[in-house]
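Inspection log for the structure reproduced underneath, given as C-alpha cells.
The values are calculated or read from the model by the stated rules, or taken from the named source; none is laboratory data. Since the model is a prediction, treat every value here as computed from it, not as a measurement. Neighbour counts are summed over all protein chains in view; Cβ atoms, including those assigned to glycine, are modelled from backbone coordinates with ideal geometry. Side chains included, ligands, DNA and RNA excluded: accessible areas come from the protein's heavy atoms. Shrake-Rupley method; radii C 1.70, N 1.55, O 1.52, S 1.80 Å.
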Amino acid sequence: METLRTFGHFTIDSLPLVLKGDRYYYAWVAFLLLLMALGGFAYAGQVREGLIVTNMRDQVSWGFYIGNFTFLVGVAAAAIMLVIPAYVYHWGPIKEITLLGELLAVSALVMCLGFVLVDIGRVDRFWHIIPFVGRLNLPSSLLAWDVLALNGYLLLNWTVVTYLLYCSYTGKEYNKSVVIPLVLSSIPMAVSIHTVTAFLYNGLAARPFWNSAILAPRFLASAFCSGPAILLILLQILRRTTRLKVQDEAIFKVAELMAYTMGFNLLLTVAEVFKEFYSNTEHLVFIRYLFFGLKGHNGLVPFAWASILTGVVAFLLFLIPKTRTNWVTLNIGCVLIYASVYIEKGMALIIPGLTPDVLGDIYVYRPSLTELLVAAGIFAMGFLVFTLMLKIAVPIMLGEFTGRKAE
Amino acid sequence: MSDATSRSLRMTRRGLRPAGSRRAFLGGALAAVAGALATGCGREGMEAFLQHNFRELSRDELDRIIKRLEGEAKRRYGKKIRIGKEPAMQGVVFGYALDLSRCIGCRRCVHACVQENNPSRSPEIQWIRVLQMEKEKGVDLEAADAYYNPEEVPQEGHFYMPVQCQQCKNPPCVKVCPVGATWKDPDGIVVIDYNWCIGCRYCMAACPYGARHFNWGEPTVQPADLNPETHYLGNRPRPKGVVEKCTFCIQRTRKGLYPACVEVCPTGSRKFGNLADPKSEIRYILENKRVFVFKGELNTQPKFFYFYGV
Ligand code: SF4
Ligand code: SF4
C-alpha cells in the first residue's frame with residue numbers, strides 16, 4: 001500500500017519535469033507533435049480508403065512499413081550491446097548508458113508496434129492477436145511468436161527501467177536479486193526478438209532471397225552496428241544539454257565493440273553474395289534486381305550500392321583507432337553506419353525479397369506519400385516517448401529528482 | 001453437416017471452453033474500450049466486432065451471423081443473396097488437373113471465375129493468372145509473361161500455364177497465419193474466414209503461387225454482376241482489408257457441380273474430381289499421363305496437377 005502511494009507520488013512528481021523546459025525543448029516537442037498530427041491525418045485517410053493509398057500491391061505486399069519495423073526491432077535488440085558490458089563485466093562507466101539503452105529499446109519497440117498496427121488491413125481486429133483473447137496460431141506461425149517476443153521484451157524493459165528510476169527516486173538501493181535476473185534475461189530476449197523477426201522472413205521457402213540460413217545472424221550483426229550508433233550520438237547530445245556525465249572512455253569502448261560487429265556484418269554480407277553469384281542459380285535474380293536492376297527497372301540500384309559503400313567507409317572509420325577517437329570522424333561514422341543499415345533493412349531486404357514476385361512479375365514499388373507521412377508520424381511518436389522518458393530519467397540519474405521519502 | 005466436420009467442430013469447442021469464458025469476460029471489457037473502433041455503430045456493429053473465429057462458432061451463432069450478413073448484402077446491393085455453409089462431403093478430396101498441351105491461353109477461365117466468385121471489379125482482383133511461356137525455355141518464370149495481349153492465341157512457339165491456388169496438401173499460407181484465419185477443410189480446400197483475417201498479408205508472402213489476393217481498397221461489385229449463390233467460406237461479398245483466394249468454387253463443388261473455370265474451358269483442358277475415388281477421371285489422369293506439380297521442390301504438395309494429354 002505504502003509502495004503504491006509512493007509510486008503515485010512518483011508519477012505525479014514526474015509531470016512537472018515533463019512540462020518544464022527551455023525554448024528548444026518546447027520547439028522540439030512541438031515539432032514532434034506536428035509530425036504526429038500529419039501522420040495521424042494520413043493514417044485516418046488510410047483507414048477510410050484502405051491500404052490502397054499505399055503503393056503496396058499483391059506482388060509487393062509488404063513495403064516501407066514492414067521495412068521500418070524490421071529496422072527498429074534491430075535498434076531495440078541492440079540495447080543489450082550496452083547491458084552486457086555493464087552487468088556482466090561490472091564495467092563502471094557504461095552503467096548509466098545501460099539505462100539509456102533500455103529507454104531506447106522501449107521507444108524503439110513502441111515504434112515497432114506502431115508500424116505493425118498501421119500495416120494490417122483490419123486494425124479493428126487487432127484483438128485477434130492478443131493472447132487468450134484472440135487466437136494465436138502457435139506454434140506454427142512465426143508472426144504469432146513475434147507478437148509474444150516483442151511484447152514480452154517491451155514489458156521486461158519497461159519494468160526494469162521504471163523500477164530502477166523509482167528506486168533512485170525513493171533514494172532506496174534497488175534490490176539486486178530482482179534487477180540482475182531481469183536484466184540478464186533481457187539479453188537472450190533481445191537476441192530472440194531479432195532472431196524471431198529474421199525467422200519470420202527466413203522460413204518462407206517461397207521467397208529464396210530471405211530463405212538463407214545466415215539471415216538471422218546478419219540481422220543481429222547489423223543491429224549491433226546501428227543501435228549503438230544512434231546511442232553514441234545521443235550520449236554526446238545529452239552531455240552537452242544536461243549535466244549528465246558520460247566518460248569519453250565509455251563512448252570509445254562502445255565504438256570499439258561496434259568495429260567488431262561491423263566487420264562481422266560485412267563478412268556475412270560477402271558470404272551471402274558469394275553463394276548467390278558463384279552458384280548462379282535462378283535465385284540470383286533477386287540480388288541482380290537489387291544491385292544491377294532487371295529488365296530496365298533499376299530504382300533500387302543506387303540505394304543498394306550506397307548501403308554497401310557507407311557500410312564499408314563506416315567500418316574503416318571505426319576500425320582505425322585514430323578516427324574512432326576523433327569526434328568528427330566518429331560522428332560521421334555513426335551517421336554512415338546508421339544510413340547503411342537503414343537502407344539495407346528498409347529497402348534492400350523487403351522489396352527485393354518480393355521482386356520479382358513468385359510468378360516472375362516485376363512490380364516497381366516506391367512508398368507513397370501516405371506511407372512516408374505515417375512513418376514520419378510513428379518516428380515522431382517514438383522520439384517523443386524517448387524525450388519524455390529522458391526528461392524524467394536524467395534528473396533521477398543526476399540525483400536531482402528525489403521523492404518525499406523524507407516526509 | 002458431415003460427421004467429421006461436426007465432430008471436429010465439437011472438439012474445438014470443447015477444447016476451448018475454459019478460454020471461452022475468460023474470453024467472454026475479456027471480450028466484454030475490450031468491447032467497452034474499443035467500441036469506437038468498431039466498424040458500424042450499435043448492436044450489430046458490436047456483434048460483428050466481437051465475432052469469433054469460424055471454427056469456434058456454434059451452429060446457432062453461425063446461423064445468426066449468416067442472417068446478419070445476408071441482411072447487410074441486401075441493404076448494400078438491393079438484392080437477396082444466399083450464404084451457404086455446406087460442409088465438406090465425407091470421402092471426398094478434391095483434385096484438379098490441367099492439360100498444358102491443350103490450353104490455348106484464351107483466359108475464359110479467368111473471366112468465368114470473376115463472374116462466379118464476386119471479387120472486386122475495381123480495384124480489379126483476379127484469382128487465375130495465365131502465364132505465356134516460351135516453348136524453348138520450358139517453365140521459366142523469368143521469361144513468363146502474364147500481360148500478353150496478341151490478336152490471336154495461341155502464339156507461335158508459346159505455351160500457356162494458368163496458375164491459381166494449388167490447394168496445397170502442405171499449405172504454407174495456413175502454417176504462417178498468426179490468427180488461424182485460414183485452414184484446410186477435410187475435402188482439401190484451403191479456405192479463409194473473411195471475418196477473422198486481420199489483413200497482415202503474411203500468407204501472401206508465404207504462398208509460392210501468388211494465389212492470395214488482398215482487398216487493398218473497398219471491393220466493388222455492381223449489383224447486376226453479383227452472383228447471389230454464395231458460400232460463407234467462398235464467394236460471399238468480402239470486406240476491404242482482408243485476403244481472398246480461389247476455393248475450387250466451394251459454393252458449387254460441395255453441391256456436386258464443377259468449378260466455373262472447368263465448365264467454361266473451350267478446349268477441355270481443365271479436369272476436376274475426387275482424388276479419393278479410384279474410378280474418377282482425375283485419378284485416371286494421375287495414373288496414366290505425364291504429370292507434374294508446380295514448384296515441387298518446395299514440398300507444398302499441390303492438389304492442382306499439370307499434365308500433357310497428348
Ligand atoms: S497455393 Fe498458395 S494459397 Fe493455395 S494452398 Fe498453396 S500456399 Fe495456400
Ligand atoms: S492476411 Fe489474413 S489469412 Fe493471411 S496470414 Fe494474415 S490474418 Fe491470416
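Of the three principal axes defined by the Cα atoms of segment B:193-310, the extents in descending order read 46, 35, 25 Å. The figure for residue B:101 is an accessible area of roughly 50 square angstrom, using a 1.4 Å probe on the protein chains alone. Taken along its three principal axes, the alpha carbon spread of chain A comes to 74, 53, 44 Å, from the longest extent down to the shortest. The largest accessible area among A:272, B:152 belongs to the first residue in B:152, A:272, and the rest follow in falling order (1.4 Å probe, all chains).
Counting only lysines at least 8 places from residue A:295 when in the same chain, those with an alpha carbon closer than 19 Å to its own are B:137. Sorted into 10 angstrom bins from 0, the C-alpha pair distances of segment B:86-149 split as 16, 37, 31, 14, 2 percent.
Counting only heavy atoms of the protein chains and using a 1.4 Å probe, residue A:145 has close to 110 Å² of accessible surface. Rounded to the nearest 10 degrees, the angle from helix B:59-77 to the longest Cα principal axis of chain B is 70 degrees.
Summarise the accessible area of the protein assembly as shown (1.4 Å probe, protein heavy atoms) by the percent that is carbon and sulfur.
On the way: 19450 of 31020 Å².
Carbon with sulfur: 63 percent of the solvent-accessible area.
Value of Rg to Rh for segment A:224-316, rounded to two decimals, is 1.16; Kirkwood radius and Rg both from alpha-carbon coordinates. Comparing Cα centroids, segment A:293-323 and segment A:336-405 end up 20 angstrom apart.
I'd like the trypsin sites (Lys or Arg not before Pro) in segment B:210-310 restricted to DSSP loop residues with at most 13 other Cβ atoms within 10 Å, sorted by number. If you can, show how the numbers build up before the last one.
On the way: sites: B:212, B:240, B:245, B:252, B:254, B:255, B:270, B:271, B:279, B:283, B:289, B:290, B:295, B:303; in loops: B:212, B:240, B:245, B:254, B:255, B:279, B:289, B:295, B:303.
Qualifying residues, ordered by number: B:255, B:279.
Given Cα pairs under 8 Å that are at least 6 residues apart, what percent is the relative contact order of segment B:73-168? Don't jump to the answer; show the numbers that get you there.
Working: 91 pairs, mean separation 27.4, N = 96.
Dividing the mean separation by the residue count of segment B:73-168 yields 29 percent.
When only Cα pairs below 8 angstrom with a gap of at least 6 residues are kept, chain A shows a relative contact order of 30 percent.
With a probe of 1.4 Å, find how much accessible area the protein assembly as shown has per residue, and write the answer as a whole number in Å². Can you show the working numbers first?
Working: 31020 Å² over 717 residues.
I get 43 Å² per residue for the protein assembly as shown.
Surface listing: A:237, A:396, A:308, A:129 arranged by accessible area from highest to lowest gives A:237, A:308, A:129, A:396, probe 1.4 Å. Which residues belonging to segment B:145-180 lose at least 30 Å² of 1.4 Å-probe accessible area when the assembly is complete, relative to their chain isolated? Buried by the other chains: B:147, B:175, B:178, B:179. Ordered by solvent-accessible area of protein heavy atoms (1.4 Å probe), largest first, the residues A:397, B:204 come out as A:397, B:204.
For the protein assembly as shown, the Kirkwood hydrodynamic radius comes to 27.9 Å, computed from all pairs of different C-alpha atoms. Farthest towards the positive end of the charge dipole of segment B:65-214, among the residues B:138, B:172, B:123, is the Cα of B:123, using unit charges on the Cβ of Lys, Arg, Asp and Glu. Taking every residue in B:203-212 and counting other chain Cβ atoms within 10 Å of its Cβ, the average works out to 6.
Treating each Cα of chain B as one equal point scatterer and applying the Debye formula with no solvent, the log10 of I(q)/I(0) at q = 0.07 Å⁻¹ comes out as -0.30.
Summing both sides, the accessible surface hidden between B and A at a 1.4 Å probe radius is close to 4500 Å².
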